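First the structure, in the form of structure tokens, and then the observations on it.
The values are calculated or read from the model by the stated rules, or taken from the named source; none is laboratory data. Treat the numbers as computed from the prediction; the structure is a model and nothing was measured. Cβ: placed from backbone, ideal geometry, glycine included. Neighbour counts: every protein chain shown. Just the protein is used for accessible areas: all its heavy atoms, side chains included, with ligands, DNA and RNA removed. Shrake-Rupley method; radii C 1.70, N 1.55, O 1.52, S 1.80 Å.
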Amino acid sequence: MEKENNNTTFQERIDKGETIEPKDQMPERYRQQLIRMMSQHAHSEIVGMLPEGNWITRAPSLRRKMILLSKVQDEAGHGLYLYSATETLGASRQEVIDDLLNGHAKYSSIFNYPTLSWADIAVIGWLVDGAAIINQTMLARSSYGPYARAMVRICKEESFHKKQGYEMVATMADGTPEQQEMIQDAVNRWWWPTLMMFGPHDEDSPNSAELIKWGVKSKTNDELRQSFVDRHVQEAHTVGLEIPDPDLKFNEETGHWVFGEIDWDEFWNVVKGNGPMNRQRINTRREAHENGKWVREAAEEYARKQKLSEEKAS
Ligand code: BYC
């Protein structure tokens, strides 16, 4: 019994590749780290609906509108799985959401940039969902069961998101000179913020070593960023698009693309709440939450009545 309560045993389970389930013994710090990361991830999915949702009414065709509607709905679903998975760690959904609405919780920096043209929708699908897949395929092997299982389904949906984005990118890159200019402009604006999604360099990442030790992450921020660059530079060149990085060059010896330095001042500025769209994103979420109040109240009332009638019947 004593052994079950000590962290070495927990570490042995992790090292054997066992999955940790909600009722299993776990160090408090492991639980807190997961609540932090999973709730941030859930918020990212929910706030992430806003930049694309902004273009649903302006989609250029019925087909494009149906695809975008479906994609944005998928993101809502991802947020809900992840809030539920976070609740399995004892976190209250109300508190977690309050933290987002009062500006205390983080969510991915990428969603604090504006979507200025339809080409941005194509590039978000290709680059932002492309980055998410690379990160989340790793998280599908995470040591915490509910998180890993949520990731499996999410990754399947993200694959469809990336494919529809790349198909649109390829169509515009092969289109009129105006379409080509629009799509290149969107790539120029989204490339660097997408690289920032993977987080700070490994030496500046306070959480990575612990998350890797506990099998939550199995790759570092820089390793994942490099996989993203290698894959997406190739995809850009295939459709004739340029990557906005004068330092980009292929290293024949390592087989990897070498790329320029990220503007970390910009990254931390956005993370701290001063990006181009931070205030607007949080205000939109607050308004949506307020508008949904009657639905939450009705659901609570329904549950209360159900319980009463069950009690009477028993
Ligand atoms: N933005 O020690 P580090 C989607 C924070 S949505 C903001 O490296 P860690 C989609 C970090 O939280 C899916 N903050 O942290 C939806 C930490 O601060 P705290 C988005 C960032 O946890 C709609 C501090 O910096 N994906 O796909 O080891 C439409 C130091 O960082 C960021 C996820 O949420 C950032 N980019 O690694 C389309 C993935 N980066 O908390 C698509 C899940 C770092 O100590 N999360 N910070 O105060 C993760 O994989 C990891 O948590 C991170 C950071 C790679 C983000």
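Per-residue answers, yes or no, for (1) hydroxyl-bearing (Ser, Thr, Tyr); (2) within 22 Å of Ile133 (Cβ to Cβ):
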{"site": "Thr220", "(1), (2)": "yes, yes"}
{"site": "Phe250", "(1), (2)": "no, no"}
{"site": "Thr254", "(1), (2)": "yes, no"}
{"site": "Asp265", "(1), (2)": "no, no"}
Counting only residues that are more than 10 Å from the ligand (Cβ to nearest atom), give me the helices (runs of 4 or more DSSP H) lying completely in segment 28-90 with at least 3 of them. 28-47, 62-87
Of all residues in segment 187-244 being of a type in the set (Asp, Glu) and more than 29 Å from Phe10 (Cβ to Cβ), which is most open to solvent (accessible area, probe 1.4 Å)? Glu242
So which residues in segment 126-157 are within 19 Å of Ser227 (Cα to Cα) and either touching a strand residue (DSSP E or B) at 6+ places or on another chain (Cβ under 9 Å) or in contact (Cβ under 8 Å) with a residue 60 or more places away in the chain (or both)? Trp126, Leu127, Val128, Gly130, Ala131, Ala132, Ile134, Asn135, Met138, Leu139, Arg141, Ser142
Within the group Gly175, Gly125, Gly130, which residue is more than 13 Å from the ligand (Cβ to nearest atom) and small (Gly, Ala, Ser)? Gly175
Residues being closer than 25 Å to Ile35 by Cβ, in a helix (DSSP H, G or I) and more than 19 Å from the chain's Cα centre (by Cα) - total across segment 211-239: 1
Residue check for Trp126: within 18 Å of the chain's Cα centre (by Cα), within 24 Å of Leu50 (Cβ to Cβ) and buried (at least 22 other Cβ atoms within 10 Å of the Cβ): yes
Residue that is farthest from the ligand (Cβ to nearest atom) [pool: residues in segment 91-104 that are surrounded by 16 or more Cβ atoms within 10 Å (Cβ to Cβ) and over 12 Å from Asn278 (Cα atoms)]: Ile97
Could you give every pair whose Cβ atoms fall below 6 Å, whose first residue belongs to segment 30-44 and is closer than 18 Å to Phe111 by Cα, and whose second residue is more than 8 Å from the ligand (Cβ to nearest atom) and not in a helix (DSSP H, G or I), counting only separations of at least 6 or pairs across chains? His43/Ala105
Determine if segment 163-182 includes at least one residue that is crowded, with 19+ Cβ neighbours inside 10 Å and hydroxyl-bearing (Ser, Thr, Tyr). yes
Within segment 222-237, can one find any residue that is over 24 Å from Pro177 (Cβ atoms) and of a type in the set (Ser, Thr, Tyr)? yes
Looking at (1) surrounded by fewer than 17 Cβ atoms within 10 Å (Cβ to Cβ); (2) within 13 Å of the chain's Cα centre (by Cα), find the lone condition where Gly79 falls short. (1)
Flagged in segment 57-76 as over 19 Å from Ile154 (Cβ atoms) and surrounded by 15 or more Cβ atoms within 10 Å (Cβ to Cβ), in numbering order, are Ala59, Arg64, Lys65
